[in-house]
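Enquirer: Please find one structure pasted underneath; my questions will follow.
The values are calculated or read from the model by the stated rules, or taken from the named source; none is laboratory data. No experiment lies behind these values; they were computed from the predicted model shown. For neighbour counting, all protein chains shown are included, and Cβ atoms are generated from backbone atoms with ideal geometry for every residue, glycine included. The area values use the complete protein model at the heavy-atom level, side chains included, leaving out ligands, DNA and RNA. Shrake-Rupley method; radii C 1.70, N 1.55, O 1.52, S 1.80 Å.
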Amino acid sequence: MPVFAPEASKIKMVILTKSKQDNAVWWSPINQNKRNSQRIIESMLRRFEKHALAKITNVIQFYENGNLIAEKKL
């Protein structure tokens, strides 16, 4: 089974980038599904801060079951 999967991951992180850059979507690791959503978001943000996308991002949105649960503006 994959580490990340749209159909099995608990949290979806949508990365909205600055103009003319491609937006991105990250999925939480499946093995973290039993954690509470806030802890999963915190771990996803730690990984994101080390990624090149962090420098060109305006907004990060977090979804659970298709519902927006958190948003961070950069």
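Enquirer: Taking amide hydrogens as modeled 1.01 Å from N in the peptide plane, which residues meet the under 5 Å criterion relative to LYS10, leaving out close sequence neighbours?
Expert: When sequence neighbours closer than 5 places are left aside, the close amide H contacts are SER28.
Enquirer: Tell me, what HN-Hα J-couplings in whole Hz come from the Karplus equation 6.51 cos²θ - 1.76 cosθ + 1.60 at θ = phi - 60° for each residue of region 13-18, using x for Gly and Pro?
Expert: Each residue of region 13-18 in turn: 10, 9, 9, 9, 8, 5 Hz.
Enquirer: While we're on this one: Can you give me the % of accessible surface on the chain that is carbon or sulfur? Probe 1.4 Å, all protein chains present, nothing else counted.
Expert: Numbers: 2470 of 5030 Å².
The C+S portion of the solvent-accessible surface of the chain is 49 percent.
Enquirer: Sticking with this structure for a sec: What angle, in degrees between 0 and 90 and rounded to the nearest 10, separates the Cα long axis of helix 37-49 from the longest principal axis of the Cα atoms of the chain?
Expert: For helix 37-49, the angle is close to 40 degrees.
Enquirer: Related question: Accessible area per residue of the chain at 1.4 Å probe, in Å²? Write out the running numbers ahead of the final one.
Expert: Details: 5030 Å² over 74 residues.
In whole numbers, the chain has 68 Å² accessible per residue.
Enquirer: Also, quick follow-up: Which links in LYS10/LYS50; LYS10/LYS72; LYS10/LYS73; LYS34/LYS73; LYS20/LYS73 stretch past 20 Å when you go from one Cα to the other? Present the calculation step by step, with values, prior to reporting the outcome.
Expert: Details: LYS10/LYS50 22 Å; LYS10/LYS72 18 Å; LYS10/LYS73 22 Å; LYS34/LYS73 27 Å; LYS20/LYS73 18 Å.
Among LYS10/LYS50; LYS10/LYS72; LYS10/LYS73; LYS34/LYS73; LYS20/LYS73, the Cα-Cα distance tops 20 Å for LYS10/LYS50; LYS10/LYS73; LYS34/LYS73.
Enquirer: Continuing with this model, one more query. Dividing the Cα convex hull volume of the chain by residue count, how many Å³ per residue is that?
Expert: Numbers: hull volume 6.9 nm³, N = 74.
About 94 Å³ per residue, rounded to a whole number.
Enquirer: Can you give the longest run of the chain that contains no trypsin sites (Lys or Arg not before Pro) sitting in a DSSP loop with at most 12 other Cβ atoms inside 10 Å?
Expert: Details: sites that count: LYS18, LYS20, LYS34, LYS50.
The reported range is 51-74.
Enquirer: Then there's this: So who's got an amide H within less than 5 Å of the one on ALA70, skipping anything under 5 residues away but keeping other chains? H placed 1.01 Å off N, in plane.
Expert: PHE62
Enquirer: Moving to a separate point now. How large is ³J(HN,Hα), in whole Hz, for each residue of region 27-36 in order, when computed from phi with the Karplus curve 6.51 cos²θ - 1.76 cosθ + 1.60 and θ = phi - 60°, using x for Gly and Pro?
Expert: Coupling constants for region 27-36: 10, 5, x, 4, 5, 9, 4, 7, 6, 6 Hz.
Enquirer: Once fully extended, how much extra length lies between VAL14 and ASN36, figured as 0.36 nm per residue of separation less the alpha-carbon to alpha-carbon distance? Each step should come with its number before you reach the end.
Expert: Details: separation 22, 0.36 × 22 = 7.92 nm, distance 1.87 nm.
Length gained between VAL14 and ASN36: 6.0 nm.
Enquirer: Return the sequence-ordered ³J(HN,Hα) values of region 53-66 in whole Hz as given by the Karplus equation 6.51 cos²θ - 1.76 cosθ + 1.60 applied to θ = phi - 60°, using x for Gly and Pro.
Expert: Once rounded to whole Hz, the list reads 4, 4, 7, 10, 9, 9, 9, 10, 10, 10, 10, 10, 6, x.
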